[in-house]
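Notes to accompany the following structure.
Just so it is clear, none of the values below were taken in a lab; they were calculated from the coordinates. Please read all numbers here as calculations on a predicted model, not as lab measurements. Methodologically, a virtual Cβ is constructed for each residue, glycine included, from the backbone with ideal geometry; neighbour enumeration extends over all protein chains shown.
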Amino acid sequence: MMQQLLIYPLLLQLFLSIVLMFAWGKVNLQRIISIVGSIVGLVFSGMLLYQVLTQGTQTMQAGNWAAPFGITFVADAFAATLVLLTSLAGLAVSCYSSASIIPARIRFGYFSIFHFLVLGLIGAFLTGDIFNLYVWFEIIIISSFVLITLGGEKAQIEGAVKYFTLNFLASIIFLTAIAVLYGLTGSLNMADLAVLVPKLENKTLVDVAAILFLIGFGIKSAVFPLYFWLPASYHTPPSAVQAIFGGLLTKVGVYALIRIFSLVFLGDSFLQETLIVIAVLTLFSGGIGALVQKNLRKVFSYLIICHIGFMIVGLAMFTEVALAGAVFYLIHDIVIKTNLFMISGLIYRIKGTVQLDKLGGLYDKYPKLSLLMLIPLLSLVGIPPLSGFWPKISLFLAAYDTQNYLVVGMVVFASLLTLIVVAKLWAEAFWKKDAELPERSHFLYFDKLWISRRIQFIAPIVLLTLVSLYIGFGAEHIQQLSTRIADELINHKQYIDAVMTNRN
Amino acid sequence: MEFLLAIITGLLYAAGLYMMMRRSLVKLILGLIIIGNGANLLIFLLGRITKGSPPIIGEHEKLLSDIYADPVPQALILTAIVISFGLQSFAIILVKRAYKVVKTDDLDKMKATDEEV
Amino acid sequence: MKTIILRTASNYLLPILLLFSIFILLRGHYLPGGGFVGGLIASIAFVLHAFANGLKDTKKLLKIHPGFLMPLGLAIAFLSGLLPVLGFGEPFMTGLWLEYPIPVIGAIGTALFFDIGVYIVVQGVVLTIIITISESA
C-alpha cells in the first residue's frame, strides 16, 4: 500500500469530484465534503513529500506496464513539493470558496469542477510521460474554462473567449511539438526521451520541437510576448477562482518548462539566450503593466506576469544556484499569489469595489485585518526577512556569477517596480481618506455577514500568511529543499534511473 | 501517400490560422477545429505509415518478426480527438452565449475586459 | 420532423440500436469497438428518438436526468481502476482477469468494467450536451 502513496493525492481528488457530483444541489454538504477532503489531501501530500525526502524518488507504472511503454508516474522532490503546495492552496481556496461563492454557482457543480482542476494540477506535476502531461493540461484547461464562465456575466464571457482561444491554441502547439518529438524518437516517456534526444543527429528538428514546446508552455505560463490573454481574463471570475488560477495555473506551465528544459532539451546556447531575453522582457513588461493599472485585480494579474520572469530567469541561467532560486521563488509565489487574490476578494467584500481610486480608509476601519494583509504584500516585494527576499538573493548571485549583468539589473528593477506598486496600493486602499461610496443594494457587505462566514473568509488568508511567514523565517529549510531539487534537476541521471529500473 | 499527407497537414494548419485571424467568432472556432485536425494528422504522419501489417503477434511466435504499424500514434490521435470533441462542444456553447450576451460576433468589439473600468 | 414513418421506425430502432451499442461495447477488447463508440451509438439512439417524438417524450423515457449518468459511470471506471490498488497491491489500473471465461460474454476483467464506465459517461455527456443545446435554442 505505502509504495503507491504517490498516486493517493491524485485518486483522492478524483474521488472527491465524483462524490461531489453525486451530491448535486446540496450546497452545505458539498462545502463540508470539499473542505474535509482537501484536509485529507493535504495530509496525503505531506506524507508523500516526507517519503520522497527520506527514501528518494518514487515511481509507479500505471497498469503495470513497464517504462518506457506504459505511463509512468514519478514523484521526485520537485514534483512532491509542488503537489504539497497545490494541496495547501487547494485547501485554502476550498475553505474560501465555501464562504465567497454564491449558492447558485455551487449548485451548478462549482466544487466538483474545482476538484477536477486540482486533480489536473496534481496529475501534471506527477506524470512522467509527455503525452500524459498533455492530457492533464487538457483536464486543467477544461475545468478552468468552466470555472471562468460559471455565472455567465458579460465580462466573464468576454474574458473566457480570449482565455479559451489562446489556451486551446497553446494545447495544439504542444500537441504539434509532441508529434515532432515522437516522430524523431518514437518515445513519449520523459526519462526515455532524456536518453534518446541527445543522441539524435537531426539537431535542427530537435530545436524546432524545443521552440514549439517553449511557445506552447510559454502561452500557458504567460511569458513576455504571449501573456495578453491573462490580464484580459483573470480579473473576471469570482475571487476564489482567481486565487486558484493566479496561484497555480501559470505555475504549472513554469513547472513544465523547467521539467522539459532541464531533462529533455539541454545545453543549447541559443535556447538559453532566448529564455534570458524572454525572462527579462517579462519582468519589465509585467512590472510596468502593474504600475499603470487602476483595478486591484488587474494589478495583481500583471504582477503574476512580472514574477513569472523571476522563475524563467533562474531556468535560463541553469546553474545550481539559479535553479534553486527559481524553485524557491516558485514555492513562495504559489502561496503568495493565491493569498493576494483572496485578499482582493476580501477587500471587494468589505468595500464593494476593487477600483484603487474609489477605495480608501481600510486601515482606519479594520486595523487588524489590514496588518494581516500587509504581511503577504510585503512578502511579495521581498522585504527581508520575509519570503520573497531569499530566492532573489540566489538569482542575484547566480546572475552575477554568470556575468549576466542585464539580468542583475532587471531583477533589481522588477523588485523595485513591485515595491512601488505595493506602496501605491497601500497608500490608495489602506491609508487614503475613506471616500463615501454609494451603498450597493443586494450586495452582502463583509460586516453584515454571519460570524462563521467571516471566519471562513479570514481563516485561509491567515493559514497562507502563516505559511509564507514560515517560508520567510524558516528560509533555511526551504533553501535546503530548493538546493536539493536544483541538484536533482541538474543531475537528472537519478530521475532516469528511478523510472527505467523500477519495474514493480 | 506521405507527400500528400504532408501537404494536407500544411494546408490545414494554414487554413486554421487564416480562419482564426478573421474577425468573426464562428470563424475563430472553425479555425481552431481545423488546426486541431491538422495536428492530429501530423501525429499520424510522423508515426510512420506502414500499410497492411497490423501489430499482431502470430499464434506460434513470441515477438513481432516483421515490420509492423505503430499503434501508439493512433491511440494518441484517438485521445486527442476525444479531448477536442469536449473542447469544441464547449466552444460552440460559449460562442452562442457570447453572441447572446455581447450581441455581436465581431471580435474587435469584444474589448470591454481590456478597457479601464 | 414528426413524420409517422420516422416515429414508427424510431420506436423499433431504439431497442435495436441499444442492443447494438452493447454488442459494440463487449467486442471492443480485441476488435474495433469499445466503450466510447458504444456510448456514442447508444446516445444516437436516444437522439433519434428525440428527433422523431420530441425531447419531452425522450426525457420521460430516460426517467433519470442524463447528467446523473456522468458520476455513475465515472464511479464505475474509477472503482475498476482502484480495485488492483486496494485489493491486490498492484499499480493503479492494472488489468485483473477472472481465471475462467463466462459463456457468451467471455473473459471478465477490470478492463471490461472500465469500458462500461466509459460507456455510461459518454452517454451522459452527449445527452446532456444535446439536451442543453436544444433546450436553450
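Provide the gained length on full extension for the span B:Q74 to B:H60, in nm with one decimal, where the gain is 0.36 nm per separating residue minus the Cα-Cα distance.
2.4 nm
Using only the Cα atoms of region B:8-116, what do you get for the radius of gyration and for Dmax, in Å?
My reading of the Cα-based Rg and Dmax gives 20.4, 73 Å.
Residue by residue, what Karplus-based ³J(HN,Hα) values in Hz, rounded to whole numbers, does region A:120-133 have, using 6.51, -1.76 and 1.60 with θ = phi - 60° and x for Gly and Pro?
So the J values, rounded to whole Hz, are x, 5, 5, x, 4, 6, 8, 6, x, 10, 6, 6, 4, 4.
Quick one: divide the alpha-carbon radius of gyration of the protein assembly as shown by 2.2 N^0.38 Å and tell me what you get.
Normalised Rg, Cα atoms only: 0.96.
Set the bar at 25 Å for Cα to Cα. Now go through A:K294/A:K448; B:K103/C:K60; A:K251/A:K298; B:K100/C:K60; B:K103/C:K56; A:K203/A:K493 and name every pair that lies beyond it.
In this structure, A:K294/A:K448; B:K103/C:K60; B:K100/C:K60; B:K103/C:K56 exceed 25 Å between Cα atoms.
Per DSSP helix of 4 or more residues, -39500 (n - 2.57); summed, then divided by the residues of chain A. What does that give at 222 nm, rounded to the nearest 500?
The per-residue figure over chain A is -24500 deg cm²/dmol.
Quick check: pseudo-label points 7 Å beyond the Cα along Cα→Cβ at A:A459 and C:L98, how many nm apart are they?
So the two model labels end up 4.7 nm from each other.
For chain A, take the longest principal axis of its alpha carbons; what is the angle in degrees between that and the long axis of helix A:77-100, to the nearest 10 within 0 to 90?
Tilt of helix A:77-100: around 20 degrees.
Residue by residue through region A:239-248, what is 3J(HN,Hα) from phi via Karplus (6.51 cos²θ - 1.76 cosθ + 1.60, θ = phi - 60°)? Round to whole Hz and write x for glycine and proline.
Coupling constants for region A:239-248: 5, 5, 5, 4, 4, 6, 5, x, x, 10 Hz.
In degrees, nearest 10, range 0 to 90: what is the angle between the Cα axis of helix B:72-102 and the longest Cα principal axis of chain B?
Around 10 degrees separate the two axes.
Once R0 is set to 60 Å, what does the formula 1/(1 + (r/R0)^6) return for the Cβ-Cβ distance between A:L374 and A:W65, expressed as a FRET efficiency to the nearest 0.05?
Plugging the Cβ-Cβ distance into 1/(1 + (r/R0)^6) gives 0.70.
Can you list the HN-Hα couplings for region A:34-46, worked out from phi with the Karplus curve (6.51, -1.76, 1.60; θ = phi - 60°), rounded to whole Hz and with x for Gly and Pro?
Each residue's phi maps through the Karplus curve to give 5, 5, 4, x, 5, 5, 4, x, 5, 5, 4, 5, x Hz.
How much space per residue, in cubic angstrom, does the convex hull of the C-alpha atoms of chain C take up?
Dividing the Cα hull volume of chain C by its residue count gives 120 Å³.
Can you tell me the 0 to 90 degree angle between the C-alpha axis of helix C:110-136 and the longest principal axis of chain C, rounded to 10?
20
Quick one: if you stick a label point 7 Å off each Cα along the C-beta vector at A:R440 and C:L6, how many nm between them?
4.8
How much length is gained if the chain between A:L406 and A:I288 is pulled fully straight, taking 0.36 nm per residue apart and subtracting their Cα-Cα distance, in nm to one decimal?
40.8 nm
How far apart, in nanometres, would the label points at C:L61 and B:K27 be if each is projected 7 angstrom from Cα along the Cα-to-Cβ direction?
Between C:L61 and B:K27, the label points sit 4.1 nm apart.
Round to the nearest 0.05 the FRET efficiency obtained for A:N491 and A:E201 when R0 = 30 Å and r is the Cβ-Cβ distance.
After rounding, the FRET efficiency stands at 0.75.
Out of every Cα-Cα pair in region A:162-207, what percent are more than 13 Å apart?
So the portion of pairs separated by more than 13 Å is 60 percent.
Over all directions, what mean area does the Cα convex hull of region A:267-494 project, stated in square nanometres?
Averaging across all directions leaves 13.6 nm² for the Cα convex hull.
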